[in-house]
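Take a look at the structure set out below.
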Amino acid sequence: MKLIYISPLRYPSEKAGSLFSMKACEAFAEEGLLVELWVPRRRNPIRHDPFDYYGIKRNFRLVYLPVVDLSPLPFFYFPLALSFAVSVFVYALIRRIPQAIYYSHEEFALFLLTYLSGRTVYEIHDFPGKSVLFRYLFRRLDFVVANNQWKAPKIKERFSFPPERILAVPNGVDLAQFSIPLSKEDARQKLGLPSAGKVIVYTGSLFGWKGVNTLVEAARVFSEGVAVYCVGGGEKDSADFRKKYADISSLHLVGQRPHAEIPLWLRAADVLVLPNTAREDISKYYTSPMKLFEYMASGTPIVASDLPSVREVVNEKLVYFFEPDNVADLTRAVEDVLGNPSDAAKKSARAYTTVQRYTWNVRAKEIINEIGIAK
């Protein structure tokens, strides 16, 4: 049986969704499935091979399909999504893959595929609206995978979807990639960071719901000798942050880096911050933050926003919580970590133990078993 994973994103890209799809496909393939990842052939400022960029094994096939890509023009997404859906449908018709599993978080393409032979699995990363498309899609789907527990009962309520065909399973992490045999000092040397002083690190995008502005504002009041490094973000977002926060000398906006380099940043840090906002539902309820699992796998102490989406994975025994969007409370939590290294080490050790059950392969096995995919 072949699993066809369908994603409308750029490969590679600065968004976590692209990494997620690559890691999911790698894990499904490692569990014995024949896997293909179908993606749009889009304009891409990142000129790297996706497998090398993310450090992914070449155990599945990456297929690029033609689309109408009008980015960066406004409203480019609809023609992109529509043309991608048509390309996927036509390609599937041509291929005529027997016993295919069509697996996607892209509703347009998946809806068309429900009219072909094969099974359809919808993985939900945000939360579906009440549009006609979603109502018809949920009537035809074979299975739904939600990336956190909050969504499962809500999907049943909104779409009257059978609960026995809904699986809630969080995102995952590659433990080997983040459990690197390097000291903090060695990691800093490799990255060209000063050996002295305290280092606070955030990795990921700079979108508003990520809450990075709260961390950046806290950089104004951290103790002397504490530096903040934000690793990630697209060119425009990084440029906007540099302009807005040019007066903060302790802030370093590193920009987008290959994912294979991220473990070095996590090891080089004294504190890792997950500053998600409580002002948007995607952050408060919908997400299953991949960076949280990566932080846990690094063994470095974590400061995190106290949100329902985060508490599905961790508690006070594993991380230091702070009130979301509260600069003073984030500052307090970081100072707690720096001022209590023994307690911080115990929490990070417990977090590392806990994250062992959140690997990509554990996740893939659970999905395969629940859906009943024959290898």
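When each of Arg279, Arg267 is tested for being surrounded by fewer than 20 Cβ atoms within 10 Å (Cβ to Cβ), in contact (Cβ under 8 Å) with a residue 24 or more places away in the chain and outside any strand (DSSP E or B), the lone residue that passes is Arg279.
Table: residues versus (1) surrounded by fewer than 20 Cβ atoms within 10 Å (Cβ to Cβ); (2) modelled with pLDDT under 95.
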| site | (1), (2) |
| --- | --- |
| Ala176 | yes, yes |
| Glu185 | yes, no |
| Gly192 | yes, no |
| Val212 | no, no |
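For the range 144-178, a residue qualifies if it is among the small types (Gly, Ala, Ser), without any contact (Cβ under 8 Å) to a residue 40 or more places away in the chain and assigned to a loop (DSSP other than H, G, I, E, B), and exactly one does: Ser160. Kindly indicate which of Ala227, Ala246 is touching a Leu at 6+ places or on another chain (Cβ under 9 Å) and among the aliphatic types (A, V, I, L, M). On inspection, the qualifying residue turns out to be Ala227.
If the condition is being surrounded by fewer than 16 Cβ atoms within 10 Å (Cβ to Cβ) and either out of contact with any helix residue (DSSP H, G or I) (no Cβ under 7 Å at 6 or more places or on another chain) or in the same structural domain as Arg257 (by TED's automatic domain parsing) (or both), then the range 47-62 contributes Arg47, His48, Asp49, Asp52, Arg61.
For the range 291-306, the set of residues classified as assigned to a loop (DSSP other than H, G, I, E, B) and either free of Cβ contacts under 8 Å to residues at least 24 places away in the same chain or of a type in the set (S, T, N, Q) (or both) consists of Thr300, Asp306, listed by residue number.
Screening the candidates Ser288, Ser309, Ser348 for the property of being among the hydroxyl-bearing types (Ser, Thr, Tyr), touching a residue at least 40 places away in the same chain (Cβ under 8 Å), part of a helix (DSSP H, G or I) and under 23 Å from Phe143 (Cα atoms) yields one hit, Ser309. Among residues of the range 312-345 being farther than 20 Å from Gly172 by Cβ, free of Cβ contacts under 8 Å to residues at least 12 places away in the same chain and not in a helix (DSSP H, G or I), the one that is farthest from the chain's Cα centre (by Cα) is Asn340. When the criteria are applied in full, Pro163 meets the requirement of being in contact with a Lys or Arg (Cβ under 8 Å, 6 or more places away or on another chain), more than 24 Å from Glu335 (Cα to Cα) and exposed (fewer than 15 other Cβ atoms within 10 Å of the Cβ).
Results for (1) in contact with a Phe, Trp or Tyr (Cβ under 6 Å, 6 or more places away or on another chain); (2) loosely packed, with under 15 Cβ neighbours inside 10 Å, shown as yes or no for each residue.
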{"position": "Leu3", "(1), (2)": "yes, no"}
{"position": "Glu26", "(1), (2)": "no, no"}
{"position": "Asn44", "(1), (2)": "no, yes"}
{"position": "Phe75", "(1), (2)": "no, yes"}
{"position": "Phe78", "(1), (2)": "no, yes"}
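Taking residues in the range 43-57 that are closer than 18 Å to Ala27 by Cβ and touching a residue at least 40 places away in the same chain (Cβ under 8 Å), and partners anywhere that are surrounded by 12 or more Cβ atoms within 10 Å (Cβ to Cβ) and among the small types (Gly, Ala, Ser), the pairs with Cβ atoms closer than 8 Å and at least 6 places apart or on different chains are Tyr53/Ala260; Tyr54/Ser18; Tyr54/Ala260; Gly55/Ala260. When the range 1-38 is filtered for residues that are in a strand (DSSP E or B) and touching a Lys or Arg at 6+ places or on another chain (Cβ under 8 Å), the ones remaining, listed by number, are Leu34, Val35, Glu36, Leu37.
The values are calculated or read from the model by the stated rules, or taken from the named source; none is laboratory data. Fair warning: this is a prediction, and the values are worked out from it, not measured in the lab. A quick note on method: Cβ atoms are made from the backbone with ideal geometry, for glycine too, and the neighbour counts reach across all protein chains shown.
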